[in-house]
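The values are calculated or read from the model by the stated rules, or taken from the named source; none is laboratory data. Note that this is a predicted model, so its numbers are computed, not measured. Quick reminder, even Gly has a Cβ in these numbers, built from the backbone with ideal geometry, and neighbours come from all protein chains shown.
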Amino acid sequence: MKLPRPLEAAVDAAKSKLAQDLVVLDVQESASFTDYFLLASGSSQRQVIAIVDAVLEVLRAAGVRPDHVEGYPRQEWILLDYGGFIVHVFTPRQRSFYDLERLWGQARRWEVPE
């Protein structure tokens with residue numbers, strides 16, 4: 001799957017912090033508000049923050065800033081909305097509970113190699 005460059009940079013940043021279960025969902029055909037979701041898990045709240053901070057830093061250095069950030073204070077599900085793509089970083093419990101992969105099951109799915 002050919003991804004937009006900022007999304008590729010977000011994937012690389014998440015990988016650099018050892019994010020688990022990285023998945024990109026192509027939701028272009030079913031969502032009007034974005035084109036892609038990047039889903040990632042951190043094994044702890046501390047790792048969730050590290051992943052999010054890495055994504056923010058790498059994209060900020062490339063001149064890309066999120067339109068909206070949610071969940072930072074709770075540190076269990078943090079959402080970074082970049083317009084064309086949304087980054088979701090979860091603790092395993094929250095990812096399992098919200099199960100976005102099932103909710104957006106019709107989307108084309110790309111599992112990022114570790």
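Data overview
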{"item": "Any hit, the stretch 49-67, residues being buried (at least 17 other Cβ atoms within 10 Å of the Cβ), touching a Gly at 6+ places or on another chain (Cβ under 7 Å) and free of Cβ contacts under 8 Å to residues at least 12 places away in the same chain", "result": "no"}
{"item": "Total residues in the stretch 68-80, condition free of Cβ contacts under 8 Å to residues at least 12 places away in the same chain and more than 18 Å from residue 6 (Cα to Cα)", "result": "4"}
{"item": "Residue in the stretch 21-43 that is in a helix (DSSP H, G or I), in contact with a Ser or Thr (Cβ under 8 Å, 6 or more places away or on another chain) and either hydrophobic (A, V, I, L, M, F, W, C) or at pLDDT 95 or above (or both) present", "result": "no"}
{"item": "Matching residues in the stretch 56-79 - criterion: being closer than 22 Å to residue 99 by Cα and in contact with a helix residue (DSSP H, G or I) (Cβ under 6 Å, 6 or more places away or on another chain)", "result": "75, 76, 77, 78"}
{"item": "Which listed residue is out of contact with any Pro (no Cβ under 8 Å at 6 or more places or on another chain), of a type in the set (A, V, I, L, M) and over 22 Å from residue 105 (Cβ atoms), from 31, 54, 19", "result": "54"}
{"item": "Only one of 18, 7 that is outside any helix (DSSP H, G or I), modelled with pLDDT of 95 or more and within 13 Å of residue 112 (Cβ to Cβ)", "result": "18"}
{"item": "Filter pass, residue 114 being more than 20 Å from residue 12 (Cβ to Cβ) and either touching a Leu at 6+ places or on another chain (Cβ under 6 Å) or surrounded by fewer than 20 Cβ atoms within 10 Å (Cβ to Cβ) (or both)", "result": "no"}
{"item": "Verdict on residue 107 being surrounded by 17 or more Cβ atoms within 10 Å (Cβ to Cβ) and in contact with a helix residue (DSSP H, G or I) (Cβ under 8 Å, 6 or more places away or on another chain)", "result": "no"}
{"item": "3 or more residues under 12 Å from residue 38 (Cα atoms): qualifying strands (runs of 3 or more DSSP E) within the stretch 51-114", "result": "77-81, 85-90, 108-111"}
{"item": "Subset of the stretch 81-112 [free of Cβ contacts under 8 Å to residues at least 40 places away in the same chain and not charged (D, E, K, R)]", "result": "94, 96, 97, 98, 103, 105"}
